[in-house]
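Notes follow once the structure below has been shown.
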Amino acid sequence: MGMPIGSPLEIRSNSSYDFCPMKKPARQSLLNWYQDNRRPLPWRENPNPYSIWLSETMLQQTTIQVVIPYYEKFLALFPRIETLACAQESKVLKAWAGLGYYSRARNLHRAAKALHQLGYFPQTYGELLKLPGFGPYTSRAVSSIAFGERVGVLDGNVIRLLSRYHGKDVEWWKPAGRQVLQDLADKVVLDFPPGDMNQAMMDLGSTICSKTRPLCALCPLHRSCLGLKQDLVAQLPRKKPRKAKEVWVWEPEVWLRNNKVALHWNESQVPFLKKRWLLPGIARQLKQKPTAFVFRHSITHHDIYVTPVRKKGRRPDKDWQWVPVRDIAEWIPASLVKKTLHHSDIHV
């Protein structure tokens, strides 16, 4: 049962994956450091399952400094799971506008509906995994921080911290390497408050064991850090190979009628911003950058070279929606569309 409102992978038997958990004195030092240095974040002031889930979802791919005002605004609009579940998707997306990666907002909304229907908030990692948008990290973060389940988390900060501390040069983006680090993270929370220990690892990775300028002399784990002893801090964690950039030319059609813009549902016609409303128009992939375009925009591994085409009149298409210019952000909050309209002399 839960609060009202995966099975582990097999580790390869390879010497590079030898298992050696963090010793208890080091974990105590980590907890002491956190208790003295924990950051005063708004979701820590009232750590209920909803606020923790919301913050962890927003923090994916986004920094704390950027998230805080969005978090406070979003919580003011949707203070409870029930209000989020009953809200229109357009309102949710509008409140999310500016954070990017809008699938997070859609999954948040879908999960709120599922939780509202369920009538309680599941308390375990395994149960939470069944909800939309609850991947391994979010499920473990919520179950450990909100409900005290003894599971470790793996975000970018924890991956970096554990890779360096244990001197683990593993392909952390692949299942086998990730499972090695997951097992180590799970061991960190044994016999200690799991929520505090997970947040301690995240805070330490963010502030001390940083990506470019780690402050090893200030780290509570520096005496037993293998990465520091073996001079591997700068090399760990291993860099994930980047997905090759794709060059796309997009010629969106900007139809304006009675101060309304035409949108169509992008099921799969355009490879970016799928399954959402978008300006109609063709997109094609090129091998190299075009010589003529109006502006450039990037979405994940897509380099998009945009040339808007203004259209007049009325084109009959039952799949189109004519949306008032002032409401565009509620239908499609992506900055790419806003830029396109701006370059077409339409100001949102």
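Calculate, in nm to one decimal, what GLN321 and LYS240 gain on full extension: separation in residues at 0.36 nm each, minus their alpha carbon distance.
Computed gain between GLN321 and LYS240 is 25.1 nm.
Report the per residue volume, in Å³, of the convex hull enclosing the C-alpha atoms of the chain.
Once divided by residue count, the hull of the chain is 165 Å³.
Between ARG110 and THR62, what's the calculated FRET efficiency when r is the beta-carbon distance and R0 is 22 Å? Round to 0.05.
0.65
Which number do you get for Rg(Cα) / (2.2 N^0.38 Å) in the range 177-297?
The range 177-297 yields a ratio of 1.77.
Per residue, how much accessible area does the range 95-198 show when a 1.4 Å probe rolls over the protein heavy atoms, in square angstrom?
Per-residue value: 34 Å².
Run through every distinct alpha carbon pair of the range 266-331 and return the Kirkwood hydrodynamic radius in angstroms, one decimal place.
Details: mean 1/r = 0.0710 Å⁻¹.
Final number for the Kirkwood radius of the range 266-331 is 14.1 Å.
Tell me the carbon and sulfur percent of the accessible area for the range 192-243, rounded to whole percent, probe radius 1.4 Å.
Reported share for carbon and sulfur atoms: 54 percent.
Pick out, in residue order, every one of the trypsin sites (Lys or Arg not before Pro) in the range 15-104 that is DSSP loop and has at most 15 other C-beta atoms within 10 Å; say none if there are none.
Loop-located and lightly packed - LYS23, ARG38, ARG80.
For the pair ARG310 and GLU171, how long in nm is the line joining their label points, each one 7 Å along Cα→Cβ?
For the pair ARG310/GLU171, the computed spacing is 5.2 nm.
What do you get for trypsin sites (Lys or Arg not before Pro) in the range 135-189 restricted to DSSP loop and a cutoff of at most 13 other Cβ within 10 Å of the site's Cβ?
Answer in residue order: no site qualifies.
Put a dot 7 Å past each Cα toward the Cβ at LYS229 and GLU45; how far apart are the dots in nm?
The answer from the label model is 4.3 nm.
The values are calculated or read from the model by the stated rules, or taken from the named source; none is laboratory data. Remember, it's a predicted structure, so these values are computed and weren't measured experimentally. We place every Cβ from the backbone using ideal geometry, glycine too, and count neighbours over all the protein chains shown. When the accessible area is computed, the model is the full protein with side chains, heavy atoms only, and any ligands, DNA or RNA have been set aside. Shrake-Rupley method; radii C 1.70, N 1.55, O 1.52, S 1.80 Å.
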